[in-house]
Amino acid sequence: MKDPHNYAQVGYAMIAVSASLAVIGLLALFLGADVLFSDNIQRHNTQHFNECKLNDFVPEDCVKYRDRINNEISGIYVDPEKWE
């Protein structure tokens, strides 16, 4: 039986695996000090939404919520006529 000699493909696969592990290592190095990085982002977004809810989604940075919340499931109805 003939040896397929696919050493180059195996080598490229090993390079790809080592590069992905290096990227993961660099991410761990930069985010390692802040282990709650994603939790802090989520808390900030929740706080922003609650502030927008208190202001009836009138400020410009709250516009992104208006279309998503005007439905029966959310139970929050925003009246755009009120802003004009």
**Fill in**
Scoring only Lys, Arg, Asp and Glu (+1, +1, -1, -1) among other residues with Cβ under 15 Å from the Cβ of GLU51 yields +1
**Prompt:** ASP67 accessible area, nearest 10 Å², 1.4 Å probe?
**Reply:** 140
**Request:** Give a residue-ordered list of calculated ³J(HN,Hα) values for segment 23-37 (Karplus: 6.51 cos²θ - 1.76 cosθ + 1.60, θ = phi - 60°; whole Hz; x for Gly, Pro).
**Result:** 5, 4, x, 5, 4, 5, 5, 7, 9, x, 6, 10, 6, 9, 4
**Request:** Would you work out the charge dipole size for the chain about its Cα centre, treating the Cβ of every Lys and Arg as +1 and the Cβ of every Asp and Glu as -1, and quote it to the nearest 20 debye?
**Result:** 500
**Asked** How much of the accessible area of the chain, probe 1.4 Å, is carbon plus sulfur, in whole percent?
**Response** 62
**Asked** What accessible area, in Å² to the nearest ten, does a 1.4 Å probe give for GLU51?
**Response** 90
**Fill in**
Log10 I(q)/I(0) at q = 0.21, 0.26 Å⁻¹ for the chain, from Debye over equal alpha-carbon scatterers, is -0.98, -1.21
**Request:** Output ³J(HN,Hα) for segment 7-15: one whole-Hz value per residue in order, computed from phi by the Karplus curve 6.51 cos²θ - 1.76 cosθ + 1.60 with θ = phi - 60°, and x for Gly and Pro.
**Result:** 5, 5, 5, 5, x, 5, 5, 5, 5
**Request:** List the residues whose amide H sits under 5 Å from the amide H of ILE76, counting only those 5 or more places along or on another chain, with H placed 1.01 Å from N in the peptide plane.
**Result:** ASN71
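The values are calculated or read from the model by the stated rules, or taken from the named source; none is laboratory data. If you're wondering where the values come from, they're calculated on a predicted model, not measured in any experiment. Backbone-built Cβ (ideal geometry, glycine too); neighbour counts: all protein chains shown. Note: accessible area is taken over every heavy atom of the protein model, side chains too, but ligands, DNA and RNA are not part of it. Shrake-Rupley method; radii C 1.70, N 1.55, O 1.52, S 1.80 Å.
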